[in-house]
Amino acid sequence: MFSIISILPTVVLTWASIASLASGVPFENLAPRSPEPYSDFNNNVVFKPAADYTSWKTIYPRSLQLSDGTLLLSWEDYPPEPPLAHFPIWKSVDGGATWSDFVNVTDQANGWGLRYQPLLYLLPQDFGGYGAGTILLAGMSLPADLSEAWLDLYASTDSGSSWEFVSHVVYAPGPETVTNGNQAVWEPFLLMYDNQLIVYYSDQRDPAHAQKLSHVVTSDLKTWSDSIDDVADETYGTRPGMATVAHIETTGRYIMTYEYCVSGSGCGAHYKVADSPLEFGSAENTIILADNISPGGSPYVIWTEDPSGTGSGIIIMNGASREEVFVNSDAADVDAWEMVNVGQWAAYSRCLEIIDDNGASKLMLSNAGNMVADADNYVVVGVVDVPSLA
Ligand SMILES: *[C@@H]1O[C@H](CO)[C@@H](O)[C@H](O)[C@H]1NC(C)=O
């Protein structure tokens, strides 16, 4: 999580101006569309908040495809309270063309609400008493006064219909705000590795760093290791944040992307590559630029096979300042990032996922708006061809 003051210089486009840039027509003139099932589309509306929504209204989407093709989508949601804040999950069974309100995941542990940064993850193996295919949900639970927080873990063994609390992962003494010195924790990301579940997160609790990136691991989903640093800058005010990790399957290596917010000069995107997803701490901290253009902060990274048959896989990432995705080959060479236009509006922490679209491999992009003043955010998805390397 960056401080809003430090990001403002780099995110200057309003939602509406981004839309009109993308389409060449004023935002208001975009006709509602309902795409065909399993077709390609951009900026397809999932959910529009009511007028009484507060704060960002919607932001920070996270998608997950289940083994039967069902798509789930969650996000931070800001309706007036009560009821206590929760994570909505909407569902599509037609490749993202139409969506329905599926379930609300509510706080079962703290009586505070589930407010920030939901993350959906499909367990790839039996683990911690849960079977392969169990859905895990991690997110930040905190009271409305932001006084303290838990990074909590939930599970669903019935494809998302019902949820149960699994465990507390990391405690934040608070306050849960981006002010340097406040002991906040943000933005969980999950990855199974070597019979352990890794939870990466942004960490403001270390007095030596305004914010750093850390991880903890578990072997049973109940007890958690001490935290290990993944990215921690020597300069106190620098705020690495928002880690996501992808497995480069062809080389066996792992890539972490994260935002790198420097006091007074905004947020760019950086990355590290390591042989083990437990060993990013010692890997080189490298900036992402394509022809000197930055994707901006709140990045997200995935890996998939390259459809153009180059022999390499393809690393795909994006950030909040650009509509394009940034792609690289498996070597993740610092000079080899390329920008590819995918026709989808930019967003804060735009989520990427390769989906099975009725047999075709497609890139789904999920977008719940930007972190700008007077946000008029809502939730849209795009489904497009997987970009290929030039
Ligand atoms: C989720 O909660 C909202 C109120 O915030 C409510 O309108 C909606 O019907 C709930 N959805 C489900 C599936 O229960």
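Going by the conditions given, is Ile316 within 15 Å of Val245 (Cβ to Cβ) and open to solvent by less than 10 Å² (accessible area, probe 1.4 Å)? Please lay out each step first, then the result.
Details: within 15 Å of Val245 (Cβ to Cβ): yes; open to solvent by less than 10 Å² (accessible area, probe 1.4 Å): yes.
Yes, satisfied.
Residue by residue through region 165-193, note down the ones that are open to solvent by 10 Å² or more (accessible area, probe 1.4 Å) and touching a residue at least 60 places away in the same chain (Cβ under 8 Å).
The answer is Val178, Thr179, Asn180, Phe189, Leu191, Met192, Tyr193.
What tally of residues in region 277-316 results from selecting those that are of a type in the set (Gly, Ala, Ser) and in contact with a strand residue (DSSP E or B) (Cβ under 7 Å, 6 or more places away or on another chain)? Let's see the steps before the verdict.
Start the filter on region 277-316 by keeping residues that are of a type in the set (Gly, Ala, Ser), which leaves 281-283, 290, 294, 296-298, 308-309, 311-313.
When the remaining residues are screened for being in contact with a strand residue (DSSP E or B) (Cβ under 7 Å, 6 or more places away or on another chain), the result is 281, 283, 290, 294, 296-298, 313.
Residues that pass the stated criteria total 8.
Filter region 62-83 for residues that are part of a loop (DSSP other than H, G, I, E, B), within 16 Å of the ligand (Cβ to nearest atom) and touching a residue at least 40 places away in the same chain (Cβ under 8 Å); which is nearest to the chain's Cα centre (by Cα)?
Here is the first cut: in region 62-83, the ones part of a loop (DSSP other than H, G, I, E, B) are 66-70, 78-83.
Imposing the further condition that a residue be within 16 Å of the ligand (Cβ to nearest atom) reduces the set to 70, 78-83.
Now narrow it down to the ones that are touching a residue at least 40 places away in the same chain (Cβ under 8 Å): 70, 81.
Working: Thr70: 19, Glu81: 25 Å.
So, considering only residues that are part of a loop (DSSP other than H, G, I, E, B), within 16 Å of the ligand (Cβ to nearest atom) and touching a residue at least 40 places away in the same chain (Cβ under 8 Å), the one nearest to the chain's Cα centre (by Cα) is Thr70.
Give region 194-218 a look and list any residue that's small (Gly, Ala, Ser) and open to solvent by 10 Å² or more (accessible area, probe 1.4 Å), or say none.
Hit for region 194-218 is Ala208, nothing else.
If I ask for residues that are closer than 22 Å to Asn377 by Cα, open to solvent by 40 Å² or more (accessible area, probe 1.4 Å) and either over 20 Å from the mean Cα position of the chain (by Cα) or at pLDDT below 95 (or both), which ones from region 84-99 would you list?
Leu84, Thr98
Please specify each residue of region 100-119 satisfying the condition of being open to solvent by less than 10 Å² (accessible area, probe 1.4 Å) and more than 16 Å from the ligand (Cβ to nearest atom).
Correct list: Gln117, Leu119.
Could you please find all residues in region 54-81 being of a type in the set (S, T, N, Q), touching a strand residue (DSSP E or B) at 6+ places or on another chain (Cβ under 9 Å) and farther than 21 Å from Gly96 by Cβ?
Across region 54-81, the qualifying residue is only Ser55.
Mind checking which residues of region 214-229 are free of Cβ contacts under 8 Å to residues at least 60 places away in the same chain and either among the small types (Gly, Ala, Ser) or not in a loop (DSSP other than H, G, I, E, B) (or both)?
Ser214, Val216, Ser225, Ser227, Ile228, Asp229
The values are calculated or read from the model by the stated rules, or taken from the named source; none is laboratory data. The structure displayed is predicted, hence computed values, not measured ones. Glycine also receives a Cβ, built like all others from the backbone with ideal geometry; neighbour counts cover every protein chain displayed. Ligands, DNA and RNA are excluded from the accessible area calculation, which covers all protein heavy atoms including side chains. Shrake-Rupley method; radii C 1.70, N 1.55, O 1.52, S 1.80 Å.
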